[in-house]
Each structure stands twice: as structure tokens, then as C-alpha cells.
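Notes follow once the structure below has been shown.
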Amino acid sequence: MKYTLFLLIYFTAFISYSDEKIEVIYYKSHNPPFQFDNNERETGFITHIINSLSNVDVLFKPKNLSFNRMIKEMSTSKEHWISYGSDSWVGAQSTSLSEISVWKVKHVFFTLKSNDFDGMRSLFDQTLVLIDGFDYPGLDSYINKGLIKKVIRVKSPESAILSVLEGDADVYPEMRVRIQYFLNKMQVNKNDVTLHDKINIIPEYEIKLCFSKHFPQSLKADIEIKLRNMKRLNEFENIMKNLIE
């Protein structure tokens with residue numbers, strides 16, 4: 001009888017433990033439209049995806065950090081965490097990625113409509129505005145060789161857009177979805193500007209979820225199933241559409 005009671009207690013304890021949700025840190029850094037900080041609104045493309053994982057047995061704990069702090073913690077933290085990244089990036093955001101891609105990044109070149117921009121040759125004679133601290137694969141080699149007439153750097157996409165609108169710069173390369181978001185936010189007249197999208201200078205790449213090195217494989221597998229279903233139902237496109245329009 002004592003032996004049977006011991007087994008019952010052990011089994012009950014095991015069931016109780018297995019029902020507990022594993023805590024996972026969700027790293028966030030202000031990077032519209034993929035992530036926003038709490039000062040603007042608790043949303044963003046990746047946040048919507050994380051919030052959609054309701055059938056996964058995880059308790060997500062959002063942690064808002066600056067980009068540099070986020071990268072440091074992703075590289076050193078011993079906790080389970082989730083964020084986003086890409087095979088095309090370097091460091092912590094390029095390791096332990098999901099199999100399912102949540103977005104394909106495409107770049108455009110933003111100019112005034114009056115600009116006779118016709119591709120790479122135009123860049124050699126125009127002023128290019130870039131975001132300080134960002135890498136621009138495909139463009140950096142031209143910049144490093146001094147082939148582009150002039151390059152200025154600013155702190156934010158808003159400043160880059162304004163520099164083109166006010167004539168301080170001629171061309172601003174950016175992710176299509178990001179510039180669409182900021183053009184709507186800034187209420188820019190779309191009839192005055194052009195997004196050039198037929199110039200394959202900056203290669204396309206895929207955004208995926210990024211996991212900590214020792215993230216539980218069973219939970220990761222459950223998340224992959226959810227992502228696959230979301231992709232099949234075009235949920236990623238619907239989320240992004242609601243954010244940028």
C-alpha cells in the first residue's frame with residue numbers, strides 16, 4: 001500500500017511539473033515595423049507573431065532593450081530567449097534560426113519624383129543618405145571605393161526621408177515595408193515621391209525567428225508547426241499589411 005501511494009504521489013508531481021509553462025525571454029528593440037518600443041505602442045510584426053503562439057506551452061516575458069544591449073544579451077544570456085534574425089546577418093541574430101521564414105526583405109530606393117534616377121549609374125552622381133550604424137550589403141563596396149559622389153548619415157528613417165524631401169540628399173535605400181510605414185506615419189504625399197524597386201543592388205534576404213542556443217527542441221518544434229500554419233494561411237502578409245497601411 002505504501003509503495004502504491006508513493007507511486008501515486010510521484011506520478012501526480014510529474015504531471016503537475018509537465019503542465020508548467022517554460023519561461024522564455026522575448027527580446028525587443030525598436031525597429032519599425034518589425035518591433036516597436038513601449039513608448040510608441042506595444043506591437044510590431046514580430047510581436048504579433050509571438051502573440052499568435054497561444055497554443056505553444058511557453059510564457060513569454062518581453063524585455064525591451066536598445067539594439068546593442070539586445071545583441072549583447074543574446075550572445076551572453078544563459079536563459080531561454082527568442083527574437084528574430086537572418087542567415088544574411090552576423091553574430092547572435094544569425095544562429096539557431098527557425099526553419100520557416102516569416103518575411104522576405106526587399107529594398108527600394110526612395111527619391112523625389114522629379115529625380116531622374118535610373119539605377120546604379122545615377123548613384124555615382126547623387127547624394128546618398130544612410131542610417132548611421134547600419135550595413136548596406138551591395139552598396140558598401142561602391143562606397144568604400146569612393147565611387148558614390150557623396151554619402152551622409154543620419155540617426156533615423158524619419159531623418160533620412162526628410163533629407164530627401166528637403167533636398168539635402170537625393171536617394172535613400174531602405175526596406176520597402178519600413179519606408180512604407182514611415183511614409184504613412186509622416187503623411188508624405190505619395191504623388192511627390194517614387195520607390196524604385198527594379199535595382200538589384202541590395203540582395204533580398206529572409207527574416208526568421210531566432211532562438212537561444214539551448215532552446216528546448218520540443219518547444220521549438222511546436223513553434224515551427226505554428227509558423228508553418230501561419231505561412232500557409234498568409235497570416236504574415238496580413239499582419240504586415242495592417243502595420244504599414
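The values are calculated or read from the model by the stated rules, or taken from the named source; none is laboratory data. What you see is a predicted model, and the numbers here were worked out from it, not measured in a lab. Cβ sites come from the backbone with ideal geometry, for glycine too, and all protein chains shown count toward neighbours. Side chains are part of the model used for accessible areas, which takes the heavy atoms of the whole protein and leaves out ligands, DNA and RNA. Shrake-Rupley method; radii C 1.70, N 1.55, O 1.52, S 1.80 Å.
See the values below:
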| item | result |
| --- | --- |
| Subset of region 101-125 (residues that are part of a loop (DSSP other than H, G, I, E, B) and either at pLDDT below 85 or buried (at least 18 other Cβ atoms within 10 Å of the Cβ) (or both)) | Phe117, Asp118, Gly119 |
| Residues of region 52-83 satisfying the condition of being assigned to a loop (DSSP other than H, G, I, E, B) and under 17 Å from the mean Cα position of the chain (by Cα) | Ser52, Leu65, Ser66 |
| Positions within region 109-125 being within 26 Å of the chain's Cα centre (by Cα) and farther than 15 Å from Asp168 by Cα, in sequence order | Phe109 |
| Meets criteria (touching a Ser or Thr at 6+ places or on another chain (Cβ under 6 Å) and among the charged types (D, E, K, R)) for Lys198 | no |
| Every residue from region 200-245 that is aliphatic (A, V, I, L, M) and in contact with a Pro (Cβ under 9 Å, 6 or more places away or on another chain) | Ile201, Ile202, Met240, Leu243, Ile244 |
| Test result for Ile201, at pLDDT below 85 and not aromatic (Phe, Trp, Tyr) | yes |
| Lone unmet requirement of (1) closer than 18 Å to Leu219 by Cα; (2) at pLDDT below 90; (3) surrounded by 11 or more Cβ atoms within 10 Å (Cβ to Cβ) for Ile15 | (3) |
| In region 172-193, the residues that are open to solvent by less than 40 Å² (accessible area, probe 1.4 Å) and either within 23 Å of the chain's Cα centre (by Cα) or of a type in the set (S, T, N, Q) (or both) | Tyr172, Pro173, Glu174, Met175, Val177, Arg178, Ile179, Tyr181, Phe182, Leu183 |
| Residue that is least open to solvent (accessible area, probe 1.4 Å) [pool: residues in region 57-78 that are among the aliphatic types (A, V, I, L, M) and without any contact (Cβ under 8 Å) to a residue 60 or more places away in the chain] | Met70 |
| In region 126-150, residue nearest to the chain's Cα centre (by Cα) [restricted to those that are exposed (fewer than 12 other Cβ atoms within 10 Å of the Cβ) and outside any loop (DSSP other than H, G, I, E, B)] | Ser141 |
| Residue within region 40-56 that is at pLDDT below 90, open to solvent by 20 Å² or more (accessible area, probe 1.4 Å) and in contact with a Lys or Arg (Cβ under 7 Å, 6 or more places away or on another chain) present | yes |
| Per-region count, region 151-169, residues under 24 Å from Pro203 (Cβ atoms) and open to solvent by 70 Å² or more (accessible area, probe 1.4 Å) | 1 |
| Criterion violated by Glu206 - all others in (1) within 26 Å of Asp125 (Cα to Cα); (2) acidic (Asp, Glu); (3) in a strand (DSSP E or B) satisfied | (1) |
| Where Phe215 falls short, out of the listed (1) open to solvent by less than 80 Å² (accessible area, probe 1.4 Å); (2) in contact with a Lys or Arg (Cβ under 7 Å, 6 or more places away or on another chain); (3) under 21 Å from Ser83 (Cα atoms) | (2) |
